[in-house]
Structure formats: structure tokens, C-alpha cells
Amino acid sequence: MAIILDRIMNYQVKAKNSFGDLANDAYFTDAILKANASGVILGDAGKVRPKDYITRQEAAVMMGRAFGLMASTSNASNFADQANIASWASAMVLTMEQKGFIGGTDGKFLPKNNISRAEVVKIVDNVVKEFITKAGTYTEDVAGTLVVNTPNVILKDLTIAGDLVVAAGVAEGEITLDGVTVKGNVVVKGGGSS
């Protein structure tokens, strides 16, 4: 999960390894430490459980944090098993549900079940409608959330129906908005001075 999110967001900063169960030389260590530095993966009691399966509620929280979603203050979920969602995850799960990014099975979210790779890909597909990874000028409307993870991008005369996420990969670079309407939120995780 950390590697997937790192590839989407192109994180630039790594946290110091303070997790007692995270080896410094594992293939996933850098991605976990980058996700930790960005506030996406926080760990619990000094551990990050890098080899454990990820539950559906953990995945929803990590993705919600990565995409800069504001956790809902409402508690009106349609999931029949809402009471089984951990208190630390319930607000973000509800936000993901309300935005249509996650669904359930037979009316249940099954928060403690392990999430599959296919389910992760489906959630990312539900969230991200357009993904810009190359510098250039873009003029086509986006029917949902747009993630830009590289600098030197110009968005011109377009409408973004969802959120605009300026990912960490923009680093100290720039994104130019010229005649752009964003109907959702603008989430800035990278970029130089505005």
C-alpha cells in the first residue's frame, strides 16, 4: 500500500525510521517512511506491522489521508456493520463512503477484513479520474479528482468536477492555473510559493 501511494503521490521526504518492526533494508522501507513523513501512515505504539495484511478500514484511512480528504463529522453511514468500524477509522470511512469512493458487500463494509489488491485499485480508480505525471499544458475538463505529481504543469481553461490534488511530487516546482474552475477542494501537498 505504501508503495502504491508513493507512486501516485511521488513523495519527496522520508521520515527517520522510528518503528521497532521496520527493517532498514526492506524493499518497502523507503515507501513506508515517505508515507509516514507525509502523515499517511502513523503506526501504532512504535510499530507499523509492515508484513501484516492491510484491513479495509486501514486502507480507507491511508487513502483518505493521501488524497487530502477531510474526515466527516457526521455518523450517518449506510453500512449495516458501521458499529464494527474502529473509532479511529470511522470518520474517514464515512467520508470515503459519502463521496462514493468505497462500497460494501451486501450492505456491509467489513472493516476488519483484509483488502485485496483489486479492491485497492478500484478505490484509486474511484478517487482519481485524471493523473498528470508529465510537464506540459492541459486543457481538457476532468470529471472528478485530478492528481498532479510533477512540476511545470499548466492547467488552462478547464473545469475539475472533483478535487485538485497537487501531490508531493511537485516538490518546489510550480503548477499554473489559468482559467481553472475546481468544484471540489484544492489540496496542496507540494509546490513552491503561491
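The values are calculated or read from the model by the stated rules, or taken from the named source; none is laboratory data. Source: prediction; values computed, not measured. Don't worry about glycine lacking a Cβ; one is built from the backbone with ideal geometry, like all the others, and counts go over all protein chains shown. Protein only, heavy atoms only, side chains kept; ligands, DNA and RNA dropped before computing areas. Shrake-Rupley method; radii C 1.70, N 1.55, O 1.52, S 1.80 Å.
Screening residue 47 with (1) surrounded by fewer than 18 Cβ atoms within 10 Å (Cβ to Cβ); (2) more than 20 Å from the chain's Cα centre (by Cα); (3) modelled with pLDDT under 95 gives one miss only, at (3). For the stretch 29-56, the tally of residues that are within 12 Å of residue 16 (Cα to Cα) and β-branched (Val, Ile, Thr) stands at 2. Of all residues assigned to the stretch 60-72, at least one qualifies as being surrounded by fewer than 21 Cβ atoms within 10 Å (Cβ to Cβ) and farther than 25 Å from residue 148 by Cβ.
So, residue 95, is that one on the phi < 0 side of the Ramachandran plot, of a type outside the set (Lys, Arg) and surrounded by fewer than 18 Cβ atoms within 10 Å (Cβ to Cβ) or not? When the stated conditions are applied, residue 95 does not pass them. The residues listed here are 21, 30; of these, the one that is touching a strand residue (DSSP E or B) at 6+ places or on another chain (Cβ under 8 Å), surrounded by fewer than 22 Cβ atoms within 10 Å (Cβ to Cβ) and either assigned to a helix (DSSP H, G or I) or modelled with pLDDT of 95 or more (or both) is 21. The strands (runs of 3 or more DSSP E) falling completely within the stretch 105-194 that include 1 or more residues that are in contact with a strand residue (DSSP E or B) (Cβ under 6 Å, 6 or more places away or on another chain) and either open to solvent by 40 Å² or more (accessible area, probe 1.4 Å) or over 27 Å from residue 1 (Cα atoms) (or both) map to 128-132, 136-138, 153-160, 175-182, 186-188.
Select from the stretch 80-90 the residues that are open to solvent by less than 30 Å² (accessible area, probe 1.4 Å) and out of contact with any strand residue (DSSP E or B) (no Cβ under 6 Å at 6 or more places or on another chain) and write down the one among them that is farthest from residue 123 (Cα to Cα). Within the stretch 80-90, the match that is farthest from residue 123 (Cα to Cα) is 86.
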